[in-house]
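Every read-out reported here was derived from the displayed coordinates using simple, explicitly stated rules and does not represent laboratory data. Please read all numbers here as calculations on a predicted model, not as lab measurements. Here Cβ is always computed from backbone atoms with ideal geometry, including for glycine, and neighbour counts include all displayed protein chains.
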Amino acid sequence: MHLTTAVAGAAAGLAAGPWIRAAVFRLSVPPDAPDRTACPRCGSRLRSAIACRCPSCREHVALRCGVTEIASATVLGSIAYTVGPRPELVAFAWLAVLCVALATIDLIVYRLPESLTLPAYPVVAALLAGSALLSSEPGRFLRAVLAGAALAAGYLLLALIRPSDLGFGDVLLAGPLGMVLGWTGWRPVLLAGMLSFVLCGLAGAVLLALRRARADTPLPLGPFMVYATFVVLLITPGR
């Protein structure tokens, strides 16, 4: 456990918050729609980032200020506290920031934009390759790549069997998640894969019990994939 590293991770999360909020604003649109660049109320064109309100009409145009900062600071601080100042922390933290944005977008519009999921593959692979070189652990990198391919293939098979339950965005997200899980071992890959469906099922049952959903109401799987990966990384001993 590493308190100093956790503080640095939380600070990095706070700094990443405006970028996450901007990505959520820009990409929380239907799959075939162009990225959002203007205020939905007055139509004023907005800068790509960061303000919570439209400078013209003062309407909230994105998540409220502080929401993404708190979320990303909590996630990065927790991961940094658990992992410590090891080379793979950079890969874990980068993917965590991306996943906060992806999970939020999926909750809002039920999509995981390829403009975020596809670049995660080379970036995570490169960061883990660098970690393997610095820590002289090439076997971990090989396992991470194989785990990412295996988890993505598993999700692809499920999507082909049940296309109404899983989308291609879930398949694409599985690869980078599998890589960071595979860095820690095969057991975390299996555990996170199962836990994501368990969490999704539990959420559906709660919504049914509260009469906030029906049996045929779809739930986005992406956030539960992210939650499961985050939980497993925090409880996995030894790296």
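Placing R0 at 35 angstrom, the Cβ-Cβ distance between residue 134 and residue 162 gives a FRET efficiency of 0.30 after rounding to 0.05.
Set the Förster radius R0 to 35 Å, insert the Cβ-Cβ distance between residue 56 and residue 32 as r into 1/(1 + (r/R0)^6), and round the FRET efficiency to 0.05. It would help to have the intermediate numbers written out before the result.
Values: r = 28 Å, r/R0 = 0.79.
My answer for the efficiency is 0.80.
Put simply, when 21-29, 98-106, 122-130 are sorted by average Cβ atoms within 10 angstrom per residue, most first, you get 98-106, 21-29, 122-130. Taking label points 7 Å from Cα along the Cα-to-Cβ direction, residue 231 and residue 110 give a separation of 2.4 nm. In summary, the helical segments of the chain meeting the span-like criteria, namely a full DSSP H run, a Cα extent along the axis of 30 angstrom or more and a mean Kyte-Doolittle hydropathy of at least 0.0, are 3-27, 88-109, 114-135, 138-161, 186-209. Where the centre of each part is set by its Cα atoms, how far does the range 183-201 sit from the range 121-177, in angstrom? The range 183-201 and the range 121-177 have Cα centres spaced 13 Å from each other.
How compact is the range 1-85 by the rule of thumb for globular proteins, expressed as Cα Rg over 2.2 N^0.38 Å? Write out the running numbers ahead of the final one.
Values: Rg = 15.7 Å, N = 85, 2.2 N^0.38 = 11.9 Å.
Relative to the 2.2 N^0.38 Å estimate, the range 1-85 comes out at 1.32.
Could you tell me whether the range 114-162 comes out rounded, prolate or oblate from its Cα gyration tensor? Rule is a ≥ b ≥ c as square roots of the eigenvalues, rounded for a/c under 1.5, then prolate if a/b exceeds b/c, otherwise oblate. Could you put the intermediate results ahead of the total?
Working: a/c = 6.32, a/b = 1.78, b/c = 3.56.
Here the range 114-162 falls in the oblate category.
The mean sequence distance of close C-alpha pairs (under 8 Å, at least 6 residues apart), as a share of the length of the range 1-133, puts its relative contact order at 33 percent. Projected onto planes of every orientation and averaged, the convex hull of the alpha-carbon atoms in the chain covers 13.7 nm².
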